[in-house]
Amino acid sequence: ETNAEGKKTVCKLAYYKSADGVQFEYVRPLELNGSFDSLNFAMWDEGLGQYRLYFRDYHTFDADIEEKIEYDFEEYVRDIRLATSPDFVKWTEQGCLDYGEDNIGIQFYTNCIEKYSRADIFYGIPTRYIDRSPDIKNYDYLPDVGGYRPMLREKYGRGGTAITEATIMTSRDGFHFNRTNEAFLSPGIENGDNWVYGDGYFARGMIETPSEIKGEPNELSLFCISGYRARPTALDRYTIRMDGLFS
């Protein structure tokens, strides 16, 4: 939203609707507070009898209840929040997702939370973000690898110091999640345009697709971007076996 001078005053999440998934009509902003410059996911939950909306916000780091990640430069936490609504008009904020005893202040940029189509379980593939303290001495690539991190540091600041990767988390109720410390998809071997801010951003959902190997069972296709700010960004397809999220 903007004021009379055209300056931004507050961020709102815009609601569009469509009967065919192609032609969309603007309806209204949602009456929610948050930081919405991310992938925000809404869905109808039959079991709950309400809509769920997963979105991004921030909270101040609290050392009494939340452990700070070693080498993380930030003094606040990017978080994922849940709101519910019976009619997509009136929303009730449920707060930050609960990770139980895993109360480390992991910075999550995206969430990609959905109901898994083959089981009564929620999964999310959030992007883990860390802007590293200068004392770890690994901002730049090795000389024989090359890379463009020095340019990013000069032009974008944290765009050249932060790194991101994809993780995975699961939940039975859509609010209490178990998350892994190991990456679900890491940027891989350094190649000059990876291990930077922008790696590991998944598109929404999984698609069941035939295997390219004759006679093999169907598999799951997932899509993730690569080359952020280094080259024209690509949407890469990855496959895993059916139900093989943790194997």
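Evaluation of Gln23 against the conditions (1) open to solvent by 40 Å² or more (accessible area, probe 1.4 Å); (2) of a type in the set (S, T, N, Q); (3) in contact with a strand residue (DSSP E or B) (Cβ under 6 Å, 6 or more places away or on another chain) shows that the sole unmet condition is (3). The conditions of being at pLDDT 95 or above, hydrophobic (A, V, I, L, M, F, W, C), open to solvent by 40 Å² or more (accessible area, probe 1.4 Å) and over 23 Å from Gly160 (Cβ atoms) are met by Phe223.
Residue-wise test of (1) touching a residue at least 60 places away in the same chain (Cβ under 8 Å); (2) open to solvent by 20 Å² or more (accessible area, probe 1.4 Å); (3) part of a loop (DSSP other than H, G, I, E, B); (4) out of contact with any Leu (no Cβ under 8 Å at 6 or more places or on another chain).
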residue	(1), (2), (3), (4)
Leu39	yes, yes, yes, yes
Arg52	yes, no, no, no
Ile65	no, yes, yes, yes
Arg81	no, yes, no, no
Asp87	no, yes, yes, yes
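Per the conditions (1) open to solvent by 40 Å² or more (accessible area, probe 1.4 Å); (2) touching a strand residue (DSSP E or B) at 6+ places or on another chain (Cβ under 9 Å); (3) at positive phi, the sole criterion not satisfied by Arg229 is (2).
Considering the stretch 159-213, the qualifying strands (runs of 3 or more DSSP E), each wholly inside and each with 2 or more residues that are within 13 Å of the chain's Cα centre (by Cα), surrounded by 14 or more Cβ atoms within 10 Å (Cβ to Cβ) and of a type outside the set (S, T, N, Q), run over 162-166. Residues that are under 24 Å from Tyr201 (Cα atoms) and either at pLDDT below 90 or part of a loop (DSSP other than H, G, I, E, B) (or both) within the stretch 14-31 comprise Gly21, Val22, listed in sequence order.
The values are calculated or read from the model by the stated rules, or taken from the named source; none is laboratory data. Worth saying up front: this structure is predicted, and the values here are computed from it rather than measured. FYI the Cβ positions are ideal-geometry reconstructions off the backbone, even for glycines, and counts take in every protein chain you see. Ligands, DNA and RNA are excluded from the accessible area calculation, which covers all protein heavy atoms including side chains. Shrake-Rupley method; radii C 1.70, N 1.55, O 1.52, S 1.80 Å.
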